[in-house]
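The values are calculated or read from the model by the stated rules, or taken from the named source; none is laboratory data. Note that this is a predicted model, so its numbers are computed, not measured. Glycine also receives a Cβ, built like all others from the backbone with ideal geometry; neighbour counts cover every protein chain displayed. These accessible areas exclude ligands, DNA and RNA; they are computed on the full protein's heavy atoms, side chains included. Shrake-Rupley method; radii C 1.70, N 1.55, O 1.52, S 1.80 Å.
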Amino acid sequence: MTTWTEVADGVFVRRYRFFDQNIVAVMDRGEALVVDTRSTYAQAREILSDLREIGSPRVAAVVNTHGHFDHAFGNRMFRPAPIWGHERAAAMLGPGGGQREHAAAEVPKLADELAEVELDPPDRLFTDSTSVEVGGRRVHLAFLGRGHTDNDIVLSVEGADVLVVGDLLENGATPYFGDGFPLDWPATAEAVLARTSDRTVVVPGHGDHAGRAFVERSVAEVTANAALAGRIHAGGLDLAAAIALSPYPPGSALEPLERALAQLRGAIG
Ligand SMILES: [Zn+2]
């Protein structure tokens, strides 16, 4: 049984078992801003039903932290609410963005449910930063650089020391690097760190919410991964040795290194 946890004044997090995913609701004056919408219509309806436990707010706005299907395929269930996201998240979630194929490959057991999802990308777009009003409260959205994708954004909330960081950071699992920019990620994670204090609650896309020490650890990990790839690329280290030195478990260390090597070769972005 999952429940909402109020991690900061009027900021609720619910951690769903599927993908160990966090959904956030920022509340004010009977309205909610919902962060991410999960993978299917049934999962999105579950969020809507769970909102009854925190006073059945009207959903005034939705934010997609980035363009991966598990953060946005439930969007349609929240209409007519406006849906905010980075301009490149809209491209990633549109036709040709590859998310339908990505989802089908990742969770074949949900094929039927995924087939009924109509692509419904965010329609309120920004490039660097913007803010959204919920009730009488402002929520700031900012793009801090490429990392997990080229369109990850972070959210901060007026009157609460909380930072919602999407999949730029994952707690308890290796972040997904398949669409990532491993050479840019360290600077972007540093920019996340610069926005935290010792008291900031940091909510990742997946895994337990945490504090500044978790961000520091994540910065060190993405930095070490990029450095190891640099050594391989320069001919000073072989792949097996790099996997042994990786901050990630041996079973998940290959993809982060290979993606970084691809970026070093100029094969992506
Ligand atoms: Zn993601």
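Below, the figures for the structure above:
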read-out: Within region 158-180, considering residues that are surrounded by 20 or more Cβ atoms within 10 Å (Cβ to Cβ), of a type in the set (A, V, I, L, M) and within 12 Å of the ligand (Cβ to nearest atom), the one farthest from THR65 (Cα to Cα); value: LEU169
read-out: GLY180 being touching a Lys or Arg at 6+ places or on another chain (Cβ under 6 Å) and in contact (Cβ under 8 Å) with a residue 40 or more places away in the chain; value: yes
read-out: Strands (runs of 3 or more DSSP E) wholly inside region 123-162 containing at least 2 residues that are touching a residue at least 40 places away in the same chain (Cβ under 8 Å), in contact with a strand residue (DSSP E or B) (Cβ under 6 Å, 6 or more places away or on another chain) and of a type outside the set (A, V, I, L, M); value: 137-143
read-out: Residue in region 184-202 that is within 17 Å of the chain's Cα centre (by Cα) and among the basic types (Lys, Arg) present; value: yes
read-out: The listed residue being in contact (Cβ under 8 Å) with a residue 60 or more places away in the chain and not in a helix (DSSP H, G or I), out of PRO247, PRO204; value: PRO204
read-out: ALA44 vs. criteria under 18 Å from MET77 (Cβ atoms), in contact with a Pro (Cβ under 9 Å, 6 or more places away or on another chain) and open to solvent by less than 20 Å² (accessible area, probe 1.4 Å); value: no
read-out: Residue within region 206-223 that is within 14 Å of the ligand (Cβ to nearest atom) and aliphatic (A, V, I, L, M) present; value: no
read-out: Considering residues of region 188-215 that are more than 22 Å from ARG14 (Cα to Cα) and out of contact with any Ser or Thr (no Cβ under 9 Å at 6 or more places or on another chain) only, the residue least open to solvent (accessible area, probe 1.4 Å); value: THR188
read-out: Verdict on GLY230 being in a loop (DSSP other than H, G, I, E, B) and either of a type in the set (A, V, I, L, M, F, W, C) or more than 22 Å from GLY172 (Cβ to Cβ) (or both); value: no
